[in-house]
Amino acid sequence: MTEGSTPGATLPVIALLCSVPLVAEALTGAFEGMAEVRSLPTHGGDTAGVLRWLRPDAVIVDDERAAESAAPYVSTEGGLLVHVSVADGTVRVFQDEAWEIADVDGSTPDAIRNLVIGCLMRRVTA
Amino acid sequence: MIRRRVLIADGAPLFRSGVRHLLTREGDFVLTEAADFDELTQAMEDEAPEIALIDLDLPPSGGVAAVGHLAGQSAARLVVWGFEAEREQVLDALTAGADGFLDKTISPTGLMRALRGMSRGETPLPRELVTVVVDAVHDFEARDRARERVVSLSAREREVLALVATGARNRQIAEELSISEFTVKRHVQNILQKLNLTSRTAAGAFYRTSSDGAVTAGEAV
């Protein structure tokens with residue numbers, strides 16, 4: 001987590017790996033003031049390497065391939081991985097080595113943000 | 001600074017939010033949002049936007065139908081956007097009255113460039129769709145030229161041509177039209193001469209171009 005605007009507070013770092021730039025734009029807006037968002041394109045590149053460098057608390061992807069390439073990093077390094085399907089509005093969360101469908105409306109950036117923040121809070125307080 | 005009015009009509013809040021966040025940051029556009037066709041028509045009346053960005057899948061009937069309804073009624077420049085749109089969808093949108101087409105995977109920079117260009121009267125089209133549109137214009141022109149030449153044929157010759165295009169032989173055409181095989185042969189010769197074609201195959205191809213493959217033998221008369 002990084003230093004937040006409130007003295008002593010830290011903000012979670014969220015990596016957005018999006019194939020649709022306007023999805024990244026929407027999610028960046030939704031997390032404003034709540035997280036430090038790092039947005040990266042999904043096409044090409046070494047996803048695991050980028051994530052090792054960023055060391056995010058959560059990873060959000062909008063692309064099946066990016067989801068699969070980010071999963072091994074999350075398995076070994078920890079953190080939260082969320083896959084938002086732009087096509088059908090479903091959201092999957094990767095935890096305990098498996099994907100689970102989340103009961104949220106994936107077409108709404110606020111719902112995705114609430115899911116991610118909720119998961120992060122539970123991890124901190126667990 | 002003049003802030004131009006943009007309307008986004010999209011059933012997905014994710015995209016409306018993305019555009020809202022982008023335009024708020026850039027500052028030279030004022031945004032109105034609509035989630036479906038009813039909200040779109042209401043917003044067009046209330047806000048009179050200069051540019052309307054309409055989703056290809058706008059509920060309930062799609063963006064092309066919405067553009068068809070709005071084109072000619074509104075001074076707004078209408079742009080349809082969608083995911084991996086097929087050639088026919090793009091052409092349908094433009095034919096319905098859209099002033100441009102954008103892919104929803106467009107970058108924020110690209111979208112801003114497109115919106116600012118539209119304010120100057122430009123037509124936004126992704127590079128890969130420009131070829132589609134140019135090809136379509138050529139197809140339309142070829143069809144128009146072919147239709148002009150078809151006018152020189154008699155009604156009976158058009159019937160024969162339509163059957164030739166189906167691959168029918170002279171005997172089959174004769175039976176279908178209740179005329180002699182010799183008469184069919186003469187009609188075919190006249191058709192080739194009038195259309196300046198050298199073979200039945202060429203005549204069939206010509207017919208398909210002139211009718212876009214949609215006209216049956218009976219309708220060709």
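Any read-out appearing in this document is the output of simple, stated calculations on the displayed coordinates, not a laboratory observation. None of these values were measured; they are calculated from a predicted model. Cβ: placed from backbone, ideal geometry, glycine included. Neighbour counts: every protein chain shown.
Observations on the model:
- For chain A, the equivalent ellipsoid derived from the alpha-carbon gyration tensor has semi-axes of 20, 17, 15 Å in decreasing order.
- Cut-off under 5 Å, modelled amide H: who pairs with B:ASP57 long-range: B:GLY63
- Among A:CYS18, A:CYS119, a tally of other beta-carbon atoms within 10 Å of each Cβ gives an order, fewest to most, of A:CYS119, A:CYS18.
- Mean ellipticity per residue at 222 nm, deg cm²/dmol - from DSSP H runs of n ≥ 4 across chain B, formula -39500 (n - 2.57): -17500 deg cm²/dmol
- Mean separation of Cα contacts under 8 Å (6+ apart) over length of chain A, as relative contact order %: 19
- Dipole of the range B:1-160 [Lys/Arg +1, Asp/Glu -1 at C-beta], most positive-end residue of B:MET1, B:VAL19, B:ALA71: B:MET1
- When exposed loop sites are taken as GluC sites (Glu not before Pro) in a DSSP loop with at most 14 other Cβ atoms within 10 Å, the longest stretch of chain A clear of them is A:33-96.
- Dimensions of the protein assembly as shown along the principal axes, based on C-alpha atoms and rounded to the nearest Å, stand at 98, 50, 31, largest first.
- Site-free segments of chain B were taken between trypsin sites (Lys or Arg not before Pro) in DSSP loops having at most 15 other Cβ atoms within 10 Å, sites themselves excluded; the longest one is B:4-119.
- Only Lys, Arg (+1) and Asp, Glu (-1) charged, at Cβ; the range A:24-92 dipole about Cα centre in debye: 200
- Residue mean of other protein chain beta carbons inside 10 Å, A:24-33: 5
- Euclidean distance between Cα centres, the range B:1-78 to the range B:100-151, Å: 20
- Per residue, chain A reaches -12000 deg cm²/dmol at 222 nm when only DSSP H runs of four or more residues are counted, each adding -39500 (n - 2.57).
- FRET efficiency for B:ALA136 and B:GLU181, using Cβ-Cβ distance with R0 set to 45 Å, rounded to 0.05: 0.65
- Neighbour-count order for A:VAL50, A:VAL91, A:VAL116, fewest beta carbons within 10 angstrom listed first: A:VAL50, A:VAL91, A:VAL116
- Surrounding net charge for B:ARG77, when Lys and Arg each add one and Asp and Glu each subtract one, Cβ distance under 9 Å: -2
- Top positive-direction residue, dipole computed over chain B with Cβ charges, set B:SER119, B:SER61, B:GLY204: B:GLY204
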